[in-house]
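To start, the structure itself, in structure tokens.
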Amino acid sequence: MSNKKYAIVLDDTKCIDCKACTLACKMENHVPTGLYNYRIWVAEKPVRGHFPNIKRSFQPSQCQQCDNPPCVHVCPTKASYQTEDGVVLVDHNKCILCKYCMTACPYDARYVNEEIKAIDKCTFCYHRLPEGREPACVETCPPKVRVFGDLNDPNSEVSKLLVEHETFNLKPEKGTKPKLYYIR
Ligand code: SF4
Ligand code: SF4
Ligand code: SF4
């Protein structure tokens, strides 16, 4: 039994909308090209101020790696599952493309990968973790918006950030217990 619990803490005030994270994810994870094929996205927050003194700001996001994941609960074939260290993954071989998980996810974090005929989404770059490597989006982001690490290690950077900063989750009212934390 793993005693790790992986999470990402984001400071989206640093985001410059360069979208390097989205490109890095596509390349690392062989995400097909196409408007609706993505594991990660950068949303624009409402513009602040009045013309010409306006301020644009951004909110990058991806699968929230929910601790209480509705996508896993509704999957009839157990293709969607949670690892011992809390990462929600999809076994592409078991996916029958019923799309129940897409409907259940409050974050629109899943897409249909037509190349492999299965649902796909962010994996926290799970294949990299045994090598001690960070997720591609974390590694690539020029201003270092994201910090990845183990919540169960009090000395990890994510644990320290959560102690030092007030944070919030997206759509907490859904009860999904996301493991993406945004610094206020
Ligand atoms: Fe924002 Fe970093 Fe993504 Fe660029 S790479 S869009 S700065 S999160
Ligand atoms: Fe599942 Fe969506 Fe939560 Fe990701 S964000 S674990 S796809 S419910
Ligand atoms: Fe993509 Fe990996 Fe980042 Fe998830 S953790 S958005 S799979 S690069």
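The values are calculated or read from the model by the stated rules, or taken from the named source; none is laboratory data. None of these values were measured; they are calculated from a predicted model. Neighbour counts are summed over all protein chains in view; Cβ atoms, including those assigned to glycine, are modelled from backbone coordinates with ideal geometry. Accessible surface areas use protein heavy atoms only, side chains included; no ligands, DNA or RNA. Shrake-Rupley method; radii C 1.70, N 1.55, O 1.52, S 1.80 Å.
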- Round to the nearest 0.05 the FRET efficiency obtained for E114 and K14 when R0 = 30 Å and r is the Cβ-Cβ distance. 0.30
- Can you list the aspartates and glutamates whose alpha carbon sits under 14 Å from that of K19, skipping same-chain ones fewer than 8 residues off? E44, E139
- Treating each Cα of region 1-84 as an identical point scatterer and ignoring solvent, apply the Debye formula and state log10 I(q)/I(0) at q = 0.11 Å⁻¹. -0.47
- Item | Solvent-accessible area, 1.4 Å probe, carbon plus sulfur percent, for region 1-147 | 55
- Query: What nm distance separates the two modelled labels at Y126 and N169, each placed 7 Å from Cα along Cα→Cβ?
  - Reply: 1.9
- Note on the structure: accessible surface per residue for region 3-60, probe 1.4 Å, DNA/RNA/ligands not counted, whole Å² -> 64
- Query: What cysteines in the chain have no other cysteine with a beta carbon less than 4.7 Å from their beta carbon?
  - Reply: C15, C18, C25, C66, C75, C95, C98, C105, C125, C141
- Could I have the simple spin-label model distance between N3 and H73, label points 7 Å from Cα toward Cβ, reported in nm to one decimal? 3.0
- With just the Cα atoms of the chain, tell me how far they stretch along each of the three principal axes, in Å, largest first. 52, 39, 33
- Spacing of the two label points (7 Å from each Cα toward its C-beta) at S57 and E84, in nm: 4.1
- Accessible solvent surface per residue of region 104-179, calculated while the other protein chains remain in place, 1.4 angstrom probe, Å²: 51
- Item | Cα centroid of region 11-27 to Cα centroid of region 135-181, whole Å | 15
- Query: In what order, largest first, do R48, R133 sit by accessible area if the probe radius is 1.4 Å?
  - Reply: R48, R133
